[in-house]
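Trainee: Would you mind keeping the following structure in view while I ask a few things?
The values are calculated or read from the model by the stated rules, or taken from the named source; none is laboratory data. Model, not experiment: these values are computed from the prediction. Neighbour counts run over all protein chains shown; Cβ positions are idealised from the backbone, glycine included.
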Amino acid sequence: MATKIYTITYNWSKKIAVKIGITRIHFPGLHGILLRFSGVNLSLLSRVMSSRLSRGTYNGGLLSTEAGTLARVVADATITLAGFLGESPNYKFLHQATSAPPISYYDYIIIGGGTAGCPLATTLSQKATVLLLERGGSPYGNPNITDLAAFGKALSDLSPSSPSQRFISEEGVINARARVLGGGSCLNAGFYTRADSQYVRAAGWDGRLVNESYGWVEKMVAFEPPILRWQAAVRDGLLEAGVSPYNGFTYDHLLGTKVGGTIFDGDGRRHTAADLLRFANPKGLTVMLHATVHKVLFRIKGKKRPLAHGVVFRDASGNKHRAYLNSGPKNEIIISAGALGSPQLLMLSGIGPSDHLKAHNISVVLDQPLVGQGMSDNPMNAIFVPSPSPVEVSLIQVVGITQFGSYIEAASGEPFVAMPAEKDFGMFSPKIGQLSTLPPKQRTPEALSQAIESMKALDPAVFRGGFILEKILGPISTGHLALKTKSPHDNPTVTFNYFKDPHDLARCVHGLKVIETVIESKAFSPFRYDYLSLPILLNMTASAPVNLLPKHANVSTSLEQFCKDTVMTIWHYHGGCQVGRVVDDDYRVVGVDGLRVVDGSTFIYSPGTNPQATVMMLGR
Ligand SMILES: Cc1cc2nc3c(=O)[nH]c(=O)nc-3n(C[C@H](O)[C@H](O)[C@H](O)COP(=O)(O)OP(=O)(O)OC[C@H]3O[C@@H](n4cnc5c(N)ncnc54)[C@H](O)[C@@H]3O)c2cc1C
């Protein structure tokens, strides 16, 4: 065995020396290396390694891994140790916008440091100078973002400095959009899964590049989740319900039941798109935080088409700054402000339906009626299942991908997300606006606080259990977005028209039938009370004090009614700057030069069962 001292970097900058003994094994059918570590906390290392190396095993200081190279293993340990210890990376390129000069020049200006914007900035910084402008702050050091058990806390933080900005669709479904470096990947339930190959083909993407880019993202932020009892029962119940075959742990989108990836590591710490900036060229990148872009500037005189050449942004003190593109034929402004932010910013910059822009006193650069059209939000419906036995805290890990376009997922906890003192339904809590006791339009902050207060009087057993939920593909139903004011800080108005298309409703009903079979399956029996029949569970979900929406009397007999009455968001809303309508196949804004949009606003349908993997891939 050769023994050598290697240096492992952790906490992004600190270094430790680790003695690693390497034995190469060459037996017929088994090639690999055995590593023996000393000089490092082994229990920490084992957790790190077991979460990174899906095919490796760790046993008392001995790690074996199939056909990997030592360099790869050490590189993985470096990355994960940094995230595991949860400290801020020492990003030299991160600045508060208050320190930005009044005027600056770059090759690329990216608006929005979210799920797409961060990998995009990292990629472009390798060969050019890039300015990334993000209206929110840093995600590092905020336990509401980093800890799995705190899921929902950021969503219920309604302060102006919250990483989440609540918005309410015109139908009255309460929703959230990100306001933080890393974007939605800092708020989400962490499930990580690729789009299916048909989606990739239909999008006209290069399959090889797509796979390479997914792989790049996965090396840094995706993990195999530990499957405990609740998720295992859902997995086995799905198979009993005929959602087969079982495809094991995979990032791929395959018909049947599978365990997907997660951006939470083995210790429940979140890794976000902001972590991808670690691969940026620090000499090429400047990131400004609390930098809200108010508009894109166009040069019109002497040009065949309007040319985007700069942006106006304001810092946290309200001071105005301008950034312009260096001259160069490839230089561009790229909007990655998300499905609400991107169409909103195009309109604020004069690209949109001209009547609507004029009504807001905005000078029209390009009359483009399709900006803000095609807004969709995949409806989510869930059944709450109280459990006689304790359940683990879990966010989404298992998914059933059905033939008919309904995706079944589950989340659990006791109470749902480990906040016993707070009596909370986590992801479904009225604190984040879901399933409250009041008709949507009456859900004032006061009414929501009353609902939260009334939860405190409930028996703790009510909170033990979990949710089995479904999301439908697509969806086919679409709506639109319009400006409410001229301020980029204010939410635009959004209508999603949930279940307007009967196919969407049929998929929901079909999915609920599968959920019912899962609940009644043998595998799931330890987690249900025999005396709670399905109609009772449906009524409970629709009418329990904490989980009540205005409902019709027939929710337990009409699944159509149940779908409509208990519709929620799974936060996969998209559209507004769709490919083929607002942007071309290369994501260039049609009708102007020097401007692209790259983020979830360009999607026609939501990719895969959950979109974040594809959003990060697209940014890359
Ligand atoms: C609560 C929740 C749970 C979810 N769960 C999952 C899940 O489990 N799995 C999954 O795959 N997906 C999940 N999603 C969806 C996924 O996270 C989003 O689809 C994805 O993050 C969208 O990425 P984006 O780049 O389009 O937008 P974002 O990530 O929202 O990025 C947009 C960025 O632009 C910034 N911005 C906007 N306007 C301006 C401006 N004028 N100036 C400067 N900056 C601006 C915003 O602050 C934000 O950081 C969830 C989302 C949420 C909110």
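Trainee: Here are 164, 169: which of them is within 26 Å of residue 565 (Cα to Cα), buried (at least 20 other Cβ atoms within 10 Å of the Cβ), in contact (Cβ under 8 Å) with a residue 12 or more places away in the chain and more than 11 Å from the ligand (Cβ to nearest atom)?
Mentor: Matching residue, one of 164, 169: 169.
Trainee: Please work out if residue 122 is out of contact with any His (no Cβ under 6 Å at 6 or more places or on another chain) and in a helix (DSSP H, G or I).
Mentor: Taking the combined requirement at face value, the residue satisfies it.
Trainee: Which ones in the range 286-300 are surrounded by fewer than 24 Cβ atoms within 10 Å (Cβ to Cβ) and assigned to a loop (DSSP other than H, G, I, E, B)?
Mentor: Scanning the range 286-300 gives 290, 300.
Trainee: What is the one condition in (1) farther than 22 Å from residue 515 by Cα; (2) charged (D, E, K, R); (3) over 19 Å from the mean Cα position of the chain (by Cα); (4) not in a loop (DSSP other than H, G, I, E, B) that residue 283 does not satisfy?
Mentor: Result: residue 283 passes all but (4).
Trainee: Among the numbered criteria (1) closer than 17 Å to residue 526 by Cα; (2) touching a Leu at 6+ places or on another chain (Cβ under 7 Å); (3) of a type in the set (Val, Ile, Thr), which one does residue 391 miss?
Mentor: So residue 391 meets the others, but not (2).
Trainee: Considering only the range 581-620, state which residues are part of a strand (DSSP E or B) and of a type in the set (Asp, Glu).
Mentor: 593 - this is the single residue of the range 581-620 that is part of a strand (DSSP E or B) and of a type in the set (Asp, Glu).
Trainee: Then there is this: Among the residues of the range 180-191, count how many are of a type outside the set (Val, Ile, Thr) and outside any helix (DSSP H, G or I).
Mentor: Counting residues in the range 180-191 that are of a type outside the set (Val, Ile, Thr) and outside any helix (DSSP H, G or I) gives 7.
Trainee: Go through the range 145-156 and report how many residues are on the phi < 0 side of the Ramachandran plot and within 12 Å of the ligand (Cβ to nearest atom). I'd like the intermediate steps shown before the answer.
Mentor: Just the residues of the range 145-156 that are on the phi < 0 side of the Ramachandran plot, to begin with: 145-151, 153-156.
Now restrict to residues that are within 12 Å of the ligand (Cβ to nearest atom): 145, 148, 151, 153-156.
The number of residues fulfilling the criteria is 7.
Trainee: Now for a different question. Check the range 245-261 and report whether any residue there is in a helix (DSSP H, G or I) and within 16 Å of the ligand (Cβ to nearest atom).
Mentor: no
Trainee: Further, regarding this structure: Does residue 177 satisfy the condition of being out of contact with any Leu (no Cβ under 9 Å at 6 or more places or on another chain), within 12 Å of the ligand (Cβ to nearest atom) and not in a helix (DSSP H, G or I)?
Mentor: No: the conditions fail for residue 177.
Trainee: Same structure, new question: Considering only residues that are within 12 Å of the ligand (Cβ to nearest atom) and among the polar types (S, T, N, Q), look in the range 321-344 and name the one that is farthest from residue 620 (Cα to Cα).
Mentor: Only one residue fits best here, namely 344.
Trainee: Pairs needed: first member in the range 365-382, free of Cβ contacts under 8 Å to residues at least 24 places away in the same chain; second member anywhere, surrounded by fewer than 24 Cβ atoms within 10 Å (Cβ to Cβ) and part of a strand (DSSP E or B); C-beta distance under 6 Å; at least 6 residues apart or different chains.
Mentor: No pair meets every condition.
Trainee: Which ranges mark the strands (runs of 3 or more DSSP E) fully within the range 301-418 that have 1 or more residues being surrounded by fewer than 24 Cβ atoms within 10 Å (Cβ to Cβ) and either polar (S, T, N, Q) or in the same structural domain as residue 113 (by TED's automatic domain parsing) (or both)?
Mentor: Details: elements: 307-314, 320-325, 332-335, 373-375, 379-386, 398-401, 406-413.
The strands (runs of 3 or more DSSP E) meeting that bar are 307-314, 320-325, 332-335, 373-375.
Trainee: Okay, next question. Scanning for something under 25 Å from residue 313 (Cα atoms), near the ligand (Cβ under 10 Å from one of its atoms) and buried (at least 24 other Cβ atoms within 10 Å of the Cβ), does the range 189-202 turn up at least one residue? Outline the logic, then answer.
Mentor: Residues of the range 189-202 that are under 25 Å from residue 313 (Cα atoms), as a first pass: none.
Scanning the range 189-202, I find no residue that is under 25 Å from residue 313 (Cα atoms), near the ligand (Cβ under 10 Å from one of its atoms) and buried (at least 24 other Cβ atoms within 10 Å of the Cβ), so the answer is no.
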